1. Towards the positive end of the charge dipole of the chain, with charges on Cβ (+1 Lys, Arg; -1 Asp, Glu), say which of Ser51, Tyr35, Ala10 has the farthest Cα.
2. What span do the alpha-carbon atoms of region 1-41 cover on each of the three principal axes, reported in whole Å from largest to smallest?
3. Normalised by the residues of the chain, what does the relative contact order come to in percent, with Cα pairs under 8 Å and at least six apart?
4. Given the options Ser57, Ser79, Ser20, state which has the largest fluctuation in a GNM of the chain using a 10 Å cut-off (strictly under) for Cα springs.
5. Enter the accessible area per residue of the chain (Å², integer; probe 1.4 Å; all protein chains in place).
6. Roll a 1.4 angstrom probe over the protein heavy atoms and tell me the percent of accessible area of the chain that is carbon or sulfur.
7. Which residue fluctuates most in the GNM of the chain (Cα springs below 10 Å): Gly31, Gly76, Gly12?
8. What's the long-distance tail for the chain, i.e. % of Cα pairs beyond 18 Å?
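The values are calculated or read from the model by the stated rules, or taken from the named source; none is laboratory data. Just so it is clear, the model here is predicted, and its values are computed rather than measured. Virtual Cβ from ideal backbone geometry, glycine too; neighbours counted across all protein chains shown. Surface areas here come from the heavy atoms of the whole protein model, side chains and all, with no ligands, DNA or RNA. Shrake-Rupley method; radii C 1.70, N 1.55, O 1.52, S 1.80 Å.
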Amino acid sequence: MEFDCFSGAAGGFVSRYQFSKADGVQLAGAGLYNYYVDGLAIPYQDLDTSSSPTPPSLHVAIQNVDTVAKSAGAGGAVSVTIWVEPMGEGTGRS
């Protein structure tokens, strides 16, 4: 499973994270897969909203890069949960 992050809706590649095969666990040994990595840090800023009061969005493209096909949920849906923390800006002090 690969996640490509973009800085805005129109593109602007920022970063890529490719889960390893070992990160994916097939639920109950069959059916859907669950991928989880704790402590993964991908710096990201939504440039579409950086100077506006609009809440930022995460612009992501997802693809299966494994040799084994993966099943999606109902209606082809893929469920992704991403926890985020605000990036701090330095104070300029050392």
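1. Checked the options; the winner is Tyr35.
2. 38, 21, 13
3. Values: 102 pairs, mean separation 28.5, N = 94.
Worked out over the chain, it gives 30 percent.
4. Ser79
5. On the way: 7250 Å² over 94 residues.
Spelled out: the 1.4 Å probe surface of the chain, per residue, equals 77 Å².
6. Values: 3900 of 7250 Å².
Reported share for carbon and sulfur atoms: 54 percent.
7. Of Gly31, Gly76, Gly12, the most mobile in the Gaussian network model is Gly76.
8. Values: 2467 of 4371 pairs.
More than 18 Å apart: 56 percent of the Cα pairs in the chain.
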